[in-house]
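Reading through the structure tokens given below for one structure.
The values are calculated or read from the model by the stated rules, or taken from the named source; none is laboratory data. None of these values were measured; they are calculated from a predicted model. Here the Cβ positions follow ideal geometry from the backbone for every residue, glycine too, while neighbour counts run over all protein chains shown.
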Amino acid sequence: MGAARKTGKRQEPAPASSETGGGVAPDRVTHVEVGPEHAGQRLDNFLIRLAKGVPKSHVYRIVRSGEVRVNRGRVAADYRVQPGDDIRVPPLRTARPAGGTHAAPVPPLMPPILYEDDDLVIVDKPAGLAAHGGSGVAHGIIERVRAARPRQTFLELAHRLDRETSGILMLAKSRRALQSLHEQLREGEVDKRYLLLVAGDWVNDRQHVRLALTKFVNRTGERRVAVDPEGSASHTIFTLKQRLGGFSLLEAELKTGRTHQIRVHVAHLGFPIVGDDKYGDFELNRRFARGEFGPRFGRMFLHACSTRLVHPVSGDSLALVSALPEDCSAIIKALAAREHATSV
């Protein structure tokens, strides 16, 4: 949905000097003018950065309800802001931490760097860290990398990985790079591969899975994804890498980039990812965490192992590889040893 044209003068008061940490007032409407450095950014991402400390779910709610206006018109969360846009933001308060009046500083963290230049930094994300803060997570990778690079004036996630997924994560250091990466991702021009361990004996050496997906909210208020013929088209190619005695190591190639796509596709087919706490086999996950199959393994076995793309500014070809984390390698070795022992 596009923004309405600018007409007339503002009807709300200008923001007071008392503001939240993100630059919006906690007790009155704020008007923010978009600068050229944010041209083309999605409205939801613009607001999340502006209203630091405000839950993402609340940001999406105020956009859906029409409390956020762009040039006095209602817009969708995926609207791309433009220089000069007047964004009306309702009063927003951040939650204060118990025992204090100021939020704790963001702990800096720079994960291992796989590639970096003036426009791009690609890191090896560890499992257990969210890509960004929100939904009960105080600080994600992006906030911690910004804290580690305080002189970097522009730093944005080009895409996201689930909290328990490890591996290649791309961050843009310029607006031009971010826009180009988003376009490549939308057009399916980025070759992204993942390694995953699933329960069960995968049948085909190579299998195309085309199952449409839709998002929903369950009874506890958590967001989930399910196979739905009326949902968004989704396509994953799975390649069998290794059989491990009742388990299978697969490589997944994403042809579309839907939320939880790999996880839901394999779970729907009866091959849940080991350690998946949303769509997996919960009893099996507990057995892995107790160490019944080798070393204790308490995370989801999903790793972004390789990415090929065109550099968003230079046009050069880039090929990135992230080695399987030690805990994943150790459980693979243990399962292979178990299979060998039972076959002798």
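Side notes on the structure shown:
- Count - residues of region 161-195 that are of a type in the set (Gly, Ala, Ser) and closer than 25 Å to residue 250 by Cα: 3
To keep it simple, each residue is scored yes or no on (1) of a type in the set (Val, Ile, Thr); (2) farther than 24 Å from residue 301 by Cα; (3) surrounded by 21 or more Cβ atoms within 10 Å (Cβ to Cβ).
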site: 157; (1), (2), (3): no, no, no
site: 160; (1), (2), (3): no, no, no
site: 167; (1), (2), (3): no, no, yes
site: 183; (1), (2), (3): no, yes, no
site: 189; (1), (2), (3): no, yes, no
site: 192; (1), (2), (3): no, no, yes
site: 198; (1), (2), (3): yes, no, yes
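- For region 25-48, the set of residues classified as touching a residue at least 60 places away in the same chain (Cβ under 8 Å) and either surrounded by fewer than 18 Cβ atoms within 10 Å (Cβ to Cβ) or of a type in the set (A, V, I, L, M) (or both) consists of 25, 26, 27, 28, 29, 37, 39, 40, 48, listed by residue number.
- Region 203-254, subset free of Cβ contacts under 8 Å to residues at least 40 places away in the same chain and hydroxyl-bearing (Ser, Thr, Tyr), residue surrounded by the fewest Cβ atoms within 10 Å (Cβ to Cβ): 220
- Some residue of region 55-68 being within 16 Å of residue 91 (Cα to Cα), of a type in the set (S, T, N, Q) and either within 18 Å of the chain's Cα centre (by Cα) or not in a loop (DSSP other than H, G, I, E, B) (or both): yes
- For region 29-54, a residue qualifies if it is acidic (Asp, Glu) and either in a strand (DSSP E or B) or within 20 Å of the chain's Cα centre (by Cα) (or both), and the qualifying residues are 33, 44.
- Pairs with Cβ under 6 Å, 6+ apart, first in region 56-77 and over 15 Å from residue 24 (Cβ atoms), second surrounded by 15 or more Cβ atoms within 10 Å (Cβ to Cβ) and β-branched (Val, Ile, Thr): 77/63
- Out of 150, 83, 107, sole residue that is in the same structural domain as residue 273 (by TED's automatic domain parsing), part of a loop (DSSP other than H, G, I, E, B) and either at pLDDT 90 or above or over 19 Å from the mean Cα position of the chain (by Cα) (or both): 150
- When region 190-213 is filtered for residues that are in a loop (DSSP other than H, G, I, E, B) and either over 22 Å from residue 307 (Cβ atoms) or not assigned by TED's automatic domain parsing to the domain that holds residue 247 (or both), the ones remaining, listed by number, are 200, 201, 202, 203, 204, 205, 211, 212.
- Qualifying residue in region 172-193 (condition: touching a Cys at 6+ places or on another chain (Cβ under 6 Å), farther than 20 Å from residue 314 by Cα and of a type outside the set (Gly, Ala, Ser)): yes
- Taking the numbered list (1) modelled with pLDDT of 85 or more; (2) over 24 Å from residue 175 (Cβ atoms); (3) among the hydrophobic types (A, V, I, L, M, F, W, C) in turn, residue 68 passes all entries but (2).
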